[in-house]
């Protein structure tokens, strides 16, 4: 079909044709009803006012009939409104800004590697990854990793968790004016570091939360766990009326530091950095006025049933017995696959009918007519104004940009987050959202698509709608540096 | 007696990225000092409510802010095409380590000696790969029963003791107030103000001759087993020493405490060594910043060695010795120093001497440096500052430092580093023990 193959080089007439097609399909009902409405009005005008009045009287409306019909209407309306899911609002969120003394410039990284590691090949490999990583000079690592030599202990892990969580929670409480006693639901996700008592218990202890709090701690769920926590919080908010939920997403780097020589396990050292986010959700109707976003959809895709996907990000022990996270070479392919499955599910929920029809036709065509037809990638720019793609690494962002056919500006938030904060695991999406807001791009009615990918292999999406235009400047992690962004990130840094 | 346990070593970086790749060249005065390093220890008493963890965190956060002004310190040494050292600004940072010591800072100060004091300020000599070697090293030692010691060691290539003290002062100011009153500046030594009119003025070759003999001289004998003695000359004692140095007040302006103390120690140490032919050789080392038009913010080496003419000075006469020192100090003028700098620049290609100590007793004048006015935090009270210019080869070193606040404007702390047997004899010397009897702060 002509409009599919001309995607890459639209001429004016094709564009016009496409616009007409879109309008026709997206406003089908209007397109059908408009002529009918016009003809009714014309008929009514032709009949004249006396004829219309006679027609009205001939209908013989009985007061009892009228009353029962209106009761029925009210009853149906009530049932409808009560059975709708509760609206979940995102009131505000805070991202962690690590102190400047945790900054890790490239030269310090190289120097520490030279002083601590014996294996030159390992040092060279890590520096090569770093040069191509897309990270800047301001990313931060926790103090235990800065030591020469690093000797991370359990206490260091706790200290890092406390620093990140408490600073972020304090920031959230200040921004929202929330009192700790008003927190009804608490969900914390942190993948590798899972102490007992849990991090959620640590928060309950520090902030003296209520004894009947519904607290959850999600461990081991990887980099996409923030949206899993949001999903859990949403479900809990459906079950509990008039409640506040706080979601805390972070990753603790200290116990993750890999001191061995396996290449597949060294990559996380180069990419993961300190970061965290705390989000306040609510289903209270009075919060509607001050909420920033409302949650429209959460779509979760799990490819763990496939062995290749299950094994592509694994915590293992290397031949020397040192524990680390191993990334397989299939990672990009698996991520692309998971994304496609997620798109297939989320597409019908968010895409306008015009894109859905095209996608359906392409799907049917590839299945039944000719498998060699190029798959139609729906134009998600029709559905969303902003995109927050997990800043897992430069390759991940490149792959997603290609798969979704996005422009450079649409992945700018992801790339700049990777540059300024590094891969902060599950909290990346919140830094990216904060970037978009700090740039003054978030307007009322804008829809945001957050995509998280992580071990499992999972691809999770959340769709938010902006409730009010967000004015700059914003008091958040980007405040001191947003004026310097966006920056140009070279393909390979000259170290 | 307290032991020092090292907890951790890491790197403190600046809070902002500095201009990466910028190269700073070192001056001729810098390059001569390649084989020396400086070690300073600042002691503080802490108030009862101070939490060690909070204080360490505050110090680490404030050094991060302060290092933004010191790209030369956070950079690394590289050699240029001619094989001379330069500093490349690469943001690598400064080594910082943490330690714990037993006891309180007061009990430590009562029983410390040179060996123990140097445990509070770690120094590692240049690595095989200098590009990964930090030129500055900071150590924070918390005393378990109260008190803090901040140790700074640095390569003499980049800084003299004056600049090292302004580095610590800047850090303390940022920690206390959030800003630096006198930010450092890094640029080459200024060229001569006016062209030389060689026909008219007699060139001052005094400095050139002194430096020539050090650079071209034989390698000095390494002094084995040196010990350091620290003496506090209170305001009263210092004044009586100055009185002795100039018994006849009609002879001119009264000597500075440094002049009197230099004279005193010159006489005493010569006596202790058993010098028979008059006094031993003496060189004084003074700050030349003001003379060549630089203020204290100039970061680098700007202290000049000045040989004192001891001919005709009676071995036991402090007044004559002090007068000779005074004459040498007067001889330090703009012309002499500029001549020295120009001579050093013209005799390019010389490698630095193994030591600038030469064959003389070295007396370093740091009495004007500001060591006690900025205490990092309101809960800290400065107690004492020690300074070492290492290594000590040759005849020995005497450093004249200001005294802690409350000891009066003329009070001075003198640190004498000599071979072990000579230090012991010095303590027994009549002038030191009986006539002046300064307070012994640190036994040898």
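The values are calculated or read from the model by the stated rules, or taken from the named source; none is laboratory data. Predicted, not measured: the structure shown is a model, and the values here were computed from it. Positions of Cβ are backbone-derived with ideal geometry, glycine not excepted, and every protein chain shown enters the neighbour counts.
Residue-level check: of (1) buried (at least 24 other Cβ atoms within 10 Å of the Cβ); (2) at negative phi, residue A:374 misses just (1). Mind checking which residues of the stretch A:94-141 are assigned to a loop (DSSP other than H, G, I, E, B), within 11 Å of another protein chain (Cβ to nearest Cβ) and out of contact with any strand residue (DSSP E or B) (no Cβ under 7 Å at 6 or more places or on another chain)? If the condition is that a residue be assigned to a loop (DSSP other than H, G, I, E, B), within 11 Å of another protein chain (Cβ to nearest Cβ) and out of contact with any strand residue (DSSP E or B) (no Cβ under 7 Å at 6 or more places or on another chain), then A:99, A:105, A:136, A:137, A:141 are the ones that fit.
Conditions (1) in contact with a helix residue (DSSP H, G or I) (Cβ under 6 Å, 6 or more places away or on another chain); (2) closer than 28 Å to residue B:176 by Cα; (3) surrounded by fewer than 16 Cβ atoms within 10 Å (Cβ to Cβ); (4) modelled with pLDDT of 90 or more, marked per residue:
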site	(1), (2), (3), (4)
B:379	no, yes, no, no
B:397	no, no, no, yes
B:403	no, yes, no, yes
B:428	no, no, yes, no
B:439	no, no, yes, no
B:444	yes, no, no, no
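Among helices (runs of 4 or more DSSP H) entirely within the stretch B:1-99, having at least 3 residues that are in contact with a helix residue (DSSP H, G or I) (Cβ under 9 Å, 6 or more places away or on another chain) singles out B:28-32, B:52-66. Scanning the stretch B:127-145 for residues that are surrounded by fewer than 21 Cβ atoms within 10 Å (Cβ to Cβ) and assigned to a loop (DSSP other than H, G, I, E, B) yields a total of 6. No other residue among B:104, B:46 is in contact (Cβ under 8 Å) with a residue 40 or more places away in the chain, under 23 Å from residue A:143 (Cβ atoms) and crowded, with 16+ Cβ neighbours inside 10 Å apart from B:46. Residue check: residue B:38 meets all listed conditions (1) in contact with a strand residue (DSSP E or B) (Cβ under 9 Å, 6 or more places away or on another chain); (2) closer than 30 Å to residue B:404 by Cβ; (3) at the interface with another protein chain (Cβ under 10 Å from one of its Cβ atoms) but one, namely (3). Residues of the stretch A:320-366 that are more than 23 Å from the chain's Cα centre (by Cα), under 24 Å from residue A:379 (Cβ atoms) and surrounded by fewer than 17 Cβ atoms within 10 Å (Cβ to Cβ): A:353, A:357, A:360, A:361, A:363, A:364, A:365, A:366.
Hey, any hits in the stretch B:297-307 for a residue that's in contact with a strand residue (DSSP E or B) (Cβ under 8 Å, 6 or more places away or on another chain), modelled with pLDDT of 90 or more and assigned to a helix (DSSP H, G or I)? Scanning the stretch B:297-307, I find no residue that is in contact with a strand residue (DSSP E or B) (Cβ under 8 Å, 6 or more places away or on another chain), modelled with pLDDT of 90 or more and assigned to a helix (DSSP H, G or I), so the answer is no.
Quick one: which of B:392, B:313 is crowded, with 23+ Cβ neighbours inside 10 Å and part of a loop (DSSP other than H, G, I, E, B)?
Details: B:392 fails: crowded, with 23+ Cβ neighbours inside 10 Å.
The match here is B:313.
For residue A:160, state whether it is outside any helix (DSSP H, G or I) and either touching a helix residue (DSSP H, G or I) at 6+ places or on another chain (Cβ under 8 Å) or within 13 Å of chain B (Cβ to nearest Cβ) (or both).
Numbers: outside any helix (DSSP H, G or I): no; either touching a helix residue (DSSP H, G or I) at 6+ places or on another chain (Cβ under 8 Å) or within 13 Å of chain B (Cβ to nearest Cβ) (or both): yes.
Criteria not met by residue A:160.
Per-residue answers, yes or no, for (1) in contact with a helix residue (DSSP H, G or I) (Cβ under 7 Å, 6 or more places away or on another chain); (2) part of a helix (DSSP H, G or I):
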{"position": "A:301", "(1), (2)": "yes, no"}
{"position": "A:304", "(1), (2)": "yes, no"}
{"position": "A:308", "(1), (2)": "yes, yes"}
{"position": "A:343", "(1), (2)": "no, yes"}
{"position": "A:360", "(1), (2)": "no, yes"}
{"position": "A:368", "(1), (2)": "no, yes"}
{"position": "A:371", "(1), (2)": "no, no"}
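Of the residues making up the stretch A:148-157, those that are closer than 22 Å to residue A:421 by Cβ and within 11 Å of another protein chain (Cβ to nearest Cβ) are A:150, A:156.
Being touching a strand residue (DSSP E or B) at 6+ places or on another chain (Cβ under 9 Å) and at pLDDT below 95: is that true of residue A:151 here?
Considered against the rule, which asks whether it is touching a strand residue (DSSP E or B) at 6+ places or on another chain (Cβ under 9 Å) and at pLDDT below 95, residue A:151 comes out as yes.
So, in the stretch B:357-371, of the ones that are in a loop (DSSP other than H, G, I, E, B) and within 15 Å of the chain's Cα centre (by Cα), which residue ends up farthest from residue B:164 (Cα to Cα)? Among those residues, the one meeting the criterion is B:357.
If you go through the stretch B:316-356 and pick out every residue that is within 22 Å of the chain's Cα centre (by Cα), buried (at least 16 other Cβ atoms within 10 Å of the Cβ) and closer than 28 Å to residue B:436 by Cβ, you end up with 6. Scanning the stretch A:432-471 for residues that are more than 23 Å from residue A:346 (Cα to Cα) and touching a helix residue (DSSP H, G or I) at 6+ places or on another chain (Cβ under 6 Å) gives A:435, A:438, A:470.
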